[in-house]
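Asks: First, the structure itself, so that you have it in front of you.
The values are calculated or read from the model by the stated rules, or taken from the named source; none is laboratory data. Quick caveat: nothing in here was measured; it's all calculated off a predicted structure. Heads up, the Cβs are rebuilt from the backbone with ideal geometry, glycines too, and the neighbour counts pull from every protein chain shown. Please note that ligands, DNA and RNA were not included when accessible areas were found on the heavy atoms of the full protein model with its side chains. Shrake-Rupley method; radii C 1.70, N 1.55, O 1.52, S 1.80 Å.
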Amino acid sequence: MKNTFKKNICCIGAGYVGGPTMSVIALNCPELRVDVVDINKEKIDNWNSSDYSRLPVFEPGLENIIKKCRGINLFFSNKIEECISRADIIFISVNTPTKAKGVGAGFASDLKWIESSSRLIAKFAKNHTVVVEKSTLPVKTAETIKAILNSSEPFESGSNNDIEKTFSIVSNPEFLAEGTAIDDLQNPDRVLIGGEDNDSINLISDIYKNWIDPVKIITTNLWSSELSKLVANAFLAQRISSINSISALCESTGANIKEVAKAVGSDSRIGEKFLNPGPGFGGSCFKKDILNLVYLCKFYGLNEVADYWEQVVKINYWQQKRISTLVIRNLFGTLSDKKIAIYGFSFKANTNDTRESPSIKISKDLLQEGAKLNFYDPKVKRKQIFMELDSSIKDDNVIISDTGINAAKGADAVIVLTEWDVFNKLNWRNIYKVMRKPAWVFDSRVLLNKKALIDIGFKVWSIGN
Ligand code: NAD
Ligand code: UGA
């Protein structure tokens, strides 16, 4: 069949960023063909499934876009070579986790998936290809990608040596947040495009101009774009560690964290967003990106700057530990054989993602103390919870329930760790009836109505209150 599309896009990596981002591009740009490829066959099969509950990413609004575009101008495939060869523009959207071993272990990003993607592009790309860094990367990664691409055979193999392969690199970091990814992509605060040649910058800008006001498109040099992404995440995480540190001070002094956040955030210079206290930030990126920033600072000899940013992560560990410790203390100092219901396993509401979820660390601490945990999360699958808790599981100490009330049966406490709306709609009077007394609610998100729970008979701890 003849390809009648104006341009061909290939995205390497069909994960939380690649899947939703490319879906929104396909929706807004019917004249573009968008191929999303991945080495993970099961993931691609799930993206192609007619059972939409199997889509690898749960995001409000995503399913509708897949229904509209899949098979029209949006394709999910394992045919990496074919899709790269066809592409005019290639987005690299692969994982960049913290390095587990070797130089920089525990801080630097592991760029092995970036390297393998670049090698695939070097081998299979044809003619001129614009390579877009969509993954979050340490500053100067474009140099690494460039070095790999430029080491490829300069002419296409099999051709009669007259079509030269050329590449241009653009940085276009992604700012979507999980749970609101589709809204964030449809109506972003800004789109950031960093590059060295105007033609490539304009080519990528033109894609976004199909649905985004051009005044929101910021263009910079490559290094500013790469660094801005890390800094944006560091600033966001810093606000969370700041408010969480003050939540503890509120508990000690009688101040109320919600009131303090409102009073502080009403200053337009500070702003009201991202001042919700909680069990510490989770998600695959904040910790990894700050640690990466710390590593970069140390690499350039800026040790005080590194220490400053590392403290944001240290406060985050401390907040998680603080919560498990106070649960133990309030349950008479021992959890041996006590049942506890954990409400929420995803790292935030409206996502099925559990990476770095505070629920993991807090649950492990409680299991370590001998508790039996019963989990209820509206979107996280049982297999995922077992996978995350792994070696902490023994002797039936972990149960997964499909309703809040089932999880609470016989429990001494319910701990709310994710701000899922449904937890507010539960019948707390009935939950109280099925629990052992004294029945505790530990609300780490200030989600529930504390007074209503106390009126029912619960003992309640609510963060920063
Ligand atoms: P992910 O793990 O969900 O997806 C990455 C995918 O890339 C995986 O499915 C993996 O199989 C695939 N992959 C790896 N190497 C490959 C190769 N050589 N060829 C084909 N496929 C390959 O990761 P993610 O959450 O989508 O994050 C991707 C990048 O985007 C990271 O750098 C992350 O920091 C950044 N980011 C993530 C978010 C977020 O909300 N998750 C937001 C903004 C930016
Ligand atoms: C975050 C950023 O918000 C995105 O802009 C960025 O693109 C993304 O990281 C990334 O680079 O991966 P995400 O991690 O999906 O997005 O979700 P957030 O809404 O930022 O929440 C992160 C964590 O902070 C969650 O655990 C959340 O519960 C917590 N949080 C957030 C708070 O505890 N308080 C708040 O006020 C806000």
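Asks: List the strands (runs of 3 or more DSSP E) inside region 149-250, counting only whole elements, that have at least 1 residues being in contact (Cβ under 8 Å) with a residue 40 or more places away in the chain, of a type outside the set (S, T, N, Q) and open to solvent by less than 10 Å² (accessible area, probe 1.4 Å).
Replies: Fully inside region 149-250 and qualifying: 166-171.
Asks: Another question, then. Looking at region 174-202 only, could you name the residues that are of a type outside the set (Gly, Ala, Ser) and touching a Lys or Arg at 6+ places or on another chain (Cβ under 8 Å)?
Replies: First, the residues of region 174-202 that are of a type outside the set (Gly, Ala, Ser): 174-176, 178, 180, 182-193, 196-199, 201-202.
Glu174, Phe175, Glu178, Pro188, Asp189, Arg190, Val191, Leu192, listed by residue number.
Asks: Additional query: Keeping to region 392-421, report how many residues are charged (D, E, K, R) and modelled with pLDDT under 95.
Replies: Number of matching residues: 3.
Asks: Just for region 8-45: of the residues that are out of contact with any Phe, Trp or Tyr (no Cβ under 9 Å at 6 or more places or on another chain) and free of Cβ contacts under 8 Å to residues at least 40 places away in the same chain, which one is farthest from Glu81 (Cα to Cα)?
Replies: Glu42
Asks: Next up: So which pairs qualify, if the first residue must be in region 271-292 and within 6 Å of ligand 2 (Cβ to nearest atom), the second must be among the small types (Gly, Ala, Ser) and not in a helix (DSSP H, G or I), the Cβ gap must be under 7 Å, and the two must be at least 6 apart or on different chains?
Replies: Correct list of pairs: Gly278/Ser444; Gly282/Ser357.
Asks: Another question, then. Taking the conditions exactly as written (away from ligand 2 (no atom under 16 Å from the Cβ), in contact with a Pro (Cβ under 9 Å, 6 or more places away or on another chain) and more than 19 Å from Asn465 (Cα to Cα)), does Tyr308 satisfy them or not?
Replies: no
Conditions tested, residue by residue: (1) open to solvent by less than 10 Å² (accessible area, probe 1.4 Å); (2) over 22 Å from the mean Cα position of the chain (by Cα); (3) at pLDDT 95 or above.
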{"residue": "Ser50", "(1), (2), (3)": "no, yes, yes"}
{"residue": "Phe58", "(1), (2), (3)": "no, no, no"}
{"residue": "Gly61", "(1), (2), (3)": "no, no, yes"}
{"residue": "Asn64", "(1), (2), (3)": "no, no, yes"}
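Asks: Taking region 25-42, which residues are within 13 Å of ligand 1 (Cβ to nearest atom) and crowded, with 20+ Cβ neighbours inside 10 Å?
Replies: Those that are within 13 Å of ligand 1 (Cβ to nearest atom) and crowded, with 20+ Cβ neighbours inside 10 Å: Asp35, Val36, Val37, Asp38.
Asks: Evaluate the following for Arg86: is it closer than 25 Å to Ala125 by Cα, touching a residue at least 40 places away in the same chain (Cβ under 8 Å), of a type in the set (Lys, Arg) and surrounded by 22 or more Cβ atoms within 10 Å (Cβ to Cβ)? Write out each step before concluding.
Replies: Working: closer than 25 Å to Ala125 by Cα: yes; touching a residue at least 40 places away in the same chain (Cβ under 8 Å): yes; of a type in the set (Lys, Arg): yes; surrounded by 22 or more Cβ atoms within 10 Å (Cβ to Cβ): no.
Taking the combined requirement at face value, the residue does not satisfy it.
Asks: Against the definition (charged (D, E, K, R), open to solvent by 70 Å² or more (accessible area, probe 1.4 Å) and out of contact with any His (no Cβ under 8 Å at 6 or more places or on another chain)), how does Glu133 come out, yes or no? Reasoning before the result, please.
Replies: Values: charged (D, E, K, R): yes; open to solvent by 70 Å² or more (accessible area, probe 1.4 Å): no; out of contact with any His (no Cβ under 8 Å at 6 or more places or on another chain): yes.
When the stated conditions are applied, Glu133 does not pass them.
Asks: Related question: Could you tell me whether Tyr295 is touching a residue at least 24 places away in the same chain (Cβ under 8 Å), assigned to a helix (DSSP H, G or I) and either away from ligand 2 (no atom under 12 Å from the Cβ) or open to solvent by less than 20 Å² (accessible area, probe 1.4 Å) (or both)?
Replies: So Tyr295 fits the description; yes.
Asks: If you check Val327, Val313, which single one turns out to be within 16 Å of ligand 1 (Cβ to nearest atom) and in contact (Cβ under 8 Å) with a residue 24 or more places away in the chain?
Replies: Numbers: Val327 fails: within 16 Å of ligand 1 (Cβ to nearest atom).
It is Val313.
Asks: In addition: Out of region 59-85, which residues are farther than 30 Å from Phe347 by Cβ and part of a helix (DSSP H, G or I)?
Replies: Correct list: Glu81, Glu82, Cys83, Ile84, Ser85.
Asks: So is Phe5 part of a strand (DSSP E or B), touching a residue at least 12 places away in the same chain (Cβ under 8 Å) and aromatic (Phe, Trp, Tyr) or not?
Replies: No.
Asks: Right, here's the next one. Please specify each residue of region 321-354 satisfying the condition of being more than 24 Å from Ala248 (Cβ to Cβ), more than 10 Å from ligand 2 (Cβ to nearest atom) and either charged (D, E, K, R) or surrounded by fewer than 19 Cβ atoms within 10 Å (Cβ to Cβ) (or both).
Replies: Across region 321-354, the qualifying residues are Ser336, Asp337, Lys338, Lys339.
Asks: Separate question: On the basis of being over 23 Å from Trp420 (Cα atoms), in contact with a helix residue (DSSP H, G or I) (Cβ under 8 Å, 6 or more places away or on another chain) and away from ligand 1 (no atom under 13 Å from the Cβ), does Val231 make the cut?
Replies: yes
Asks: Being away from ligand 2 (no atom under 16 Å from the Cβ) and in a loop (DSSP other than H, G, I, E, B) is the filter here, so list the residues in region 15-58 that pass it.
Replies: Answer for region 15-58, where residues must be away from ligand 2 (no atom under 16 Å from the Cβ) and in a loop (DSSP other than H, G, I, E, B): Cys29, Pro30, Glu31, Asp38, Ile39, Asn40, Asn48, Ser49, Ser50, Asp51, Leu55.
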